[in-house]
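For reference, the structure is listed below as structure tokens.
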Amino acid sequence: MRPDPIIVLFRNDLRISDNRALSSAVDAGRPLVTLFIFDEGLQDARPAGAASRWWLHHSLLALSNALEKLGANLVLRQGSTPEIVAETVRVTGADAVFWNRRYSPPDIAADTILKSTLRANGLKAESFDGFLLHEPSQLSTRSGDFYKVFTPFYNRLSEIDPRDPVDMPSQITAWKGTLRSENLDDFNLLPKEPNWSSGLAERWHPGEAGAKDRLQLFLEERLDSYADDRNVPGVEGTSGLSPHLARGEISPFQIMAALRHRRAKGAETFRKEISWREFSYHLLFNRPKLHLENFRPEFDSLNWRSAPSALKAWQRGRTGYPIVDAGMRELWQTGWMHNRVRMITASFLIKDLLVDWRDGEEWFWGTLVDADPANNAASWQWVAGSGADAAPYFRIFNPILQGEKFDPEGAYVRRYVPELTRLPNRYVHRPFEAPASLLAECGVTLGENYPSPLIDHAAARERALEAYKYTRGG
Ligand code: FAD
């Protein structure tokens, strides 16, 4: 008699190494059914944004190829997870379902129900860690509350030794029967008319192999100078691992293991950034509506402006502030934006334009390949001042000075705002102050081929301070 198979569900863990659900199922010595369900019907779940869907398509292709090499085929289905799992159990006679845990609140709710339903039906349902270093439900302050300040959270997290990553299986024995699998193209994850994804494809290599290459490149070439370079958008000084982490193509355990014996200053800084990701999930777990509700309710009384044309100018990179425009265009072209510039562009939208942070969060959600429910919401609230351990409300980035400090040669601006290429460094972050003759010489006509500033920063700053004053947080 053939042993009953185990179903391994893939979700945001699209990798075969350090995948405990997969390796535990293989270790059980039974045939496997590897299944990915594209389920957009989850209650309260937010559909993935367009850039993140593009990534998912390519990541699934990569996973499917990697599994095939080990002897398994990835079954692709679209629809309700409980129904498709039940159908797969029925067809295959599986008596166990394994998966790695997810941590966004609608996912947690769905997986909790799935687990109890399967168990009530006499099946084995087992879940494993892999997406986060800590279990948000299990880490609390001495008083039993959740952490609202990063440093104590980080200190506590640092006390926990991350487990070693588990190796990838050398081969998989697949269940031999026939299961209906859908065509990946039918998930409609790729943009069609227009197909705007060429810039994404040029920059990124979705999938586990791409993630490993990025980590390797980072360790070899960037880690030592990371502490300084991470703030310079004109230099490729960061890991670029965020979209890979978002889809679970690499686990934080693998990253921590790779850093283990590194003593460079950059290694400590990098561990800290990885821990910000943990902190964001810690907050999301405890505040499930983080992308909708101010973490600090005193900010609810802030009077945001309704400014659709300003919002559009920001989205399109046409604000007249070069560093803001470069960032927004980098995002549009490549699906990613440098962290320093994310802070500058977010501050500009929230404080200079006085537009609700939720509008910016939504735009990033749709356009980022690394769109992440915890990091995005927590970071937007951090900039707005409404979040946990956030920037103080009176910290208002000056987009000109930020540009001059972090992009002194204008390398980043020139890359994404080619209209300004010929301006000398002195004016590349403040074209509106350049003499008319110089502008003409450099081929810049403000208001025509590059916008005049949407707003005067000094006046906008005063307006923001006034608006924030009326929040009880101010
Ligand atoms: P590295 O500097 O190489 O850092 C390594 C990893 O650490 C990142 O991949 C990420 O997982 C984590 N990390 C780094 N910085 C932060 C941070 N500030 N908060 C949380 N985790 C961090 N990050 C996302 O992954 N998804 C998002 O949707 C997202 N939205 C953001 C929105 C705003 C307004 C801001 C200011 C930041 C946002 N971030 C988001 C955080 C950060 O900008 C990105 O994680 C980082 O730029 C990714 O590039 P990297 O992988 O090269 O980072």
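The values are calculated or read from the model by the stated rules, or taken from the named source; none is laboratory data. Please read these numbers as outputs of a predicted model, since none were measured by experiment. Cβ atoms come from the backbone with ideal geometry, glycine included; neighbour counts cover every protein chain shown. Heads up: the accessible areas ignore ligands, DNA and RNA and are worked out on the full protein's heavy atoms, side chains in. Shrake-Rupley method; radii C 1.70, N 1.55, O 1.52, S 1.80 Å.
Take every Cα-Cα pair in segment 306-346 and report what % of them are more than 11 Å apart.
Percent of Cα pairs beyond 11 Å in segment 306-346: 58.
To the nearest whole percent, what portion of all C-alpha pairs in segment 74-221 is separated by more than 25 angstrom? I get 55 percent for the Cα pairs in segment 74-221 exceeding 25 Å. Between the amide H of Phe38 and those of Arg77, Gln78, Gly79, distances stay under 5 Å, these residues lying 5 or more places away or on another chain, with hydrogens modeled in the peptide plane.
Taking θ as phi - 60° and the Karplus parameters 6.51, -1.76 and 1.60, the scalar couplings of segment 411-419 work out to 4, 5, 4, 5, 5, 9, 10, x, 4 Hz in sequence order, x denoting glycine and proline. Ordered from largest to smallest accessible area (heavy atoms of protein chains, 1.4 Å probe), the residues Asp372, Asp167 come out as Asp167, Asp372. Here segment 7-64 and segment 407-474 have alpha carbon centers that stand 44 Å from each other. Pair-distance distribution P(r) for segment 226-338, from all Cα-Cα distances in 10 Å bins starting at 0: 11, 27, 35, 23, 4, 0 percent. Annotation: the antiparallel percentage among DSSP beta bridges lying fully within segment 6-130 is about 0. Considering the zone a paramagnetic label at Leu179 would reach in this model (a point 7 Å from Cα along the Cα-to-Cβ line), which residues of segment 9-34 have amide N under 11 Å from it? Those under the cut-off are 9-10, 32-34.
When the charge dipole of the chain is built from unit charges on Cβ atoms (+1 for Lys and Arg, -1 for Asp and Glu) and taken about the Cα centre, the candidate among Leu190, Ser143, Leu290 whose Cα reaches farthest toward its positive end is Ser143.
In the chain, the convex hull through the Cα atoms has an average projected area of 23.8 nm², a quarter of its surface area. Projecting label points 7 angstrom from Cα along Cα→Cβ for Lys469 and Glu193 puts them 5.4 nm apart. Remark: the Ala257-Leu61 segment gains 67.9 nm on full extension, using 0.36 nm per residue and subtracting the alpha carbon distance. Put a plus charge on the Cβ of each Lys and Arg, a minus charge on the Cβ of each Asp and Glu, and nothing anywhere else: the dipole of segment 297-468 about its Cα centre is then about 380 debye. Residues whose amide H lies under 5 Å from that of Ala174, counting only those 5 or more places away or on a different chain, are Leu32; hydrogens are built 1.01 Å from N in the peptide plane. Rounded to the nearest 20, the size of the Cβ-charge dipole of segment 6-130 about its Cα centre is 100 debye, with Lys and Arg at +1 and Asp and Glu at -1. Its residue count N fixes a reference of 2.2 N^0.38 Å for segment 297-468, and the Cα radius of gyration divided by that reference is 1.01.
Under 5 Å from the amide H of Ala125 lie the amide H atoms of Val97, each residue being 5 or more positions distant or on a separate chain, with H modelled from the backbone and absent for Pro and chain starts.
Per-residue 3J(HN,Hα) values for segment 432-446, derived from phi via the Karplus relation 6.51 cos²θ - 1.76 cosθ + 1.60 with θ = phi - 60°, read 5, 9, 6, x, 4, 5, 5, 4, 4, 4, 8, x, 10, 10, 4 Hz in sequence order (x marks Gly and Pro). For segment 140-289, what ratio Rg/Rh do Cα atoms give with a Kirkwood hydrodynamic radius? Rg/Rh for segment 140-289 comes to 1.03.
The mean accessible area for residues of the chain, using a 1.4 Å probe and ignoring ligands and nucleic acids, is 44 Å² per residue.
When the helices in the chain are scored as -39500 (n - 2.57) per DSSP H run of 4 or longer and the sum is shared across all residues, what 222 nm value do you end up with, to the nearest 500 deg cm²/dmol?
Only helices count here, giving -13500 deg cm²/dmol.
Simple point charges give the picture: +1 on the Cβ of Lys and Arg, -1 on the Cβ of Asp and Glu, and for the chain a dipole about the Cα centre of about 460 debye.
Rg and Dmax of segment 354-424, based on Cα coordinates, read 15.0, 42 Å. Can you give the angle from 0 to 90° between the axis of helix 105-120 and the longest principal axis of the chain, with both taken from C-alpha atoms, to the nearest 10? The two axes meet at around 10 degrees. Scaling the Cα radius of gyration of segment 403-465 by the globular reference 2.2 N^0.38 Å produces a ratio of 1.17. Qualifying GluC sites (Glu not before Pro) in segment 34-137, where qualification requires a DSSP coil assignment and no more than 14 other C-beta atoms within 10 Å, comprise Glu40.
Phi-derived couplings, Karplus 6.51 cos²θ - 1.76 cosθ + 1.60 at θ = phi - 60°, listed residue by residue for segment 371-387: 3, 9, x, 8, 4, 5, 5, 5, 5, 4, 5, 4, 5, 5, x, 8, x Hz, with x used for Gly and Pro. Here the chain exposes an accessible surface that is 49 percent carbon and sulfur, computed with a 1.4 Å probe and the other protein chains kept in place.
Under the combined filter of DSSP loop state and at most 12 neighbouring Cβ atoms within 10 Å, segment 123-231 retains these trypsin sites (Lys or Arg not before Pro): Arg142, Lys176, Arg180, Lys192. Between His205 and Ser306, the modelled label-to-label distance comes to 4.9 nm, taking each label 7 Å out from Cα in the direction of the beta carbon. When the alpha carbon gyration tensor of segment 28-119 is reduced to an equivalent ellipsoid, the three semi-axes, largest first, read 22, 20, 11 Å.
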